[in-house]
Amino acid sequence: MGSAVGARLLDCGVPVTVWNRSSARASDLVTGGARYCETPTELASACNIVITSLLDDGALDAVYLGPEGLLSGDCRERLFINISTVLPATVIRLASAAAKVGASLVDAPVIGTISPARAGQLIVMAGGSLPDISKAKSVFDHIARVVHHVGGVGSGAAMKLAVNIPMSTYWAAMAESFALAEAAGLRTEQLAEIIADSPAAMAQLKLKLPVLLGQTESVGFDIDGVVKDCGVTRRLAEAHHIEMRTLKGAQSVFCDAAVAGWGARDVAAVPRLKLHGK
C-alpha cells in the first residue's frame, strides 16, 4: 500500500521522499523520481508530512521509536499520518510520543487496495484533531475519494477494524458457498454469476470475479494480511469483552489457506482453495 500511495503522489506531481525497511522495495519509487533516505530519522528531518504504512504494531513501534526512528531527531511541527492497520492503543501511544517532541499524528487507515490507491480512490477513516486533519488534507486530496473524520486519535484504527469484519467474513462465506455448490454437482462459474447479480454480492465482487474464478493471480490484498488483521481485530474485541464468533471462524479459513501455502494470494482466491480441497 505504501508503494501505491507513493506512486500516486508522484503521478500527481508531489515531491516524494521514501524509506523502507527493505530498500529494494522502494526501487520503483526511486526510479519514478522519489528521493531515498537511509533512516527514518533522516526522512522525518527532510519532510513536513510523513506517511507510515507498515505491517503491524511492532513494526510501527520500531519505526517511530527505534534508535534511528522517526521521532529520534528534530521533528518539531512535523505531521505524521499513519495508514497502517493496527490497534488503537498503538497509535494513541505514538501520538503521545510525537506530541512530546513537538510533532503530531493523524490516525488514518484506509479502505481500498492497490488499484484504488493508484487511482486516488481510497476511503480514509481519520482520527485526530481538526487542525491536524486539515493539514493532512494536502495528502488526502490526492489519494482519497472521501475522508471520514471519525473522532480522536485511535478512532480511525478502531473504525478500520470494525469495517474489516464483514469484508473478511464475506470471503470465508464465499469459500463455503463454493464448496457446497461443487459437492452438489453445480458449476461454480454459474454460482459466481448468480451471486454477482444478486443482493448477496458485495460491491467489490464483480471486480474480484477474475481472481475468484482463477482467471488471474493478481493480488490486491493477500491472505497473510487478512490473517494478521483478523488477529488485531480479535485482540481489540477481547479488550472490550466482545466474543467474535463469526470472525473467529473466518480467521480459521484464512489460517488454513496460509498453512496450505496460499498466504501470498489474494483474499478472493480462498473459495478456490476450498473448492480444490487443499
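Computed from the coordinates by the stated procedures, all read-outs in this text should not be read as laboratory data. These numbers come from a predicted model, not from an experiment. In this analysis, Cβ positions are derived from the backbone assuming ideal geometry, glycine residues included, and neighbour counts consider all displayed protein chains.
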Which residue, Phe254, Phe80, Phe221, tops the fluctuation ranking in a GNM of the chain built on C-alpha contacts under 10 Å? Phe221
How do Glu68, Glu238 rank when sorted from fewest to most other Cβ atoms within 10 Å of their own Cβ? Glu238, Glu68
Can you pull out the trypsin sites (Lys or Arg not before Pro) in segment 104-191 that DSSP calls coil and that have at most 15 other Cβ atoms within 10 Å? Arg187
Angle, helix 130-143 long axis vs. longest principal axis of the chain, Cα atoms, 0 to 90°, nearest 10? 60
Using a Förster distance of 25 Å, how high is the FRET efficiency between Val101 and Met167, based on the Cβ-Cβ distance and rounded to 0.05? 0.10
In nm, spacing of pseudo-spin labels at Lys137 and Leu65 (7 Å Cα→C-beta vector): 3.3
Vicinal HN-Hα couplings computed from phi for segment 76-83 (Karplus, 6.51 cos²θ - 1.76 cosθ + 1.60; Hz; Gly/Pro x): 4, 6, 7, 10, 9, 10, 9, 10
For segment 163-275, what does the convex hull of the Cα positions come to per residue, in cubic angstrom? 101
Using alpha-carbon coordinates, inclination of helix 245-257 to the longest axis of the chain, degrees: 90
Projected convex hull area of the chain, Cα atoms, direction-averaged, in nm², equals 15.0
Tilt relative to the chain, helix 88-100 - C-alpha long axis, 0 to 90 degrees, to 10: 10
Taking Arg21, Arg245, Arg272 and counting other C-beta atoms within 10 Å, the order from fewest to most: Arg245, Arg21, Arg272
Tell me the relative contact order for the chain as a rounded percent, counting alpha carbon contacts under 8 Å between residues six or more apart. 15
For segment 2-153, the Cα convex hull volume per residue in Å³ comes to 96
Extension reserve of the Ile123-Ala46 stretch, reckoned as 0.36 nm per residue once the Cα distance is removed: 25.0 nm
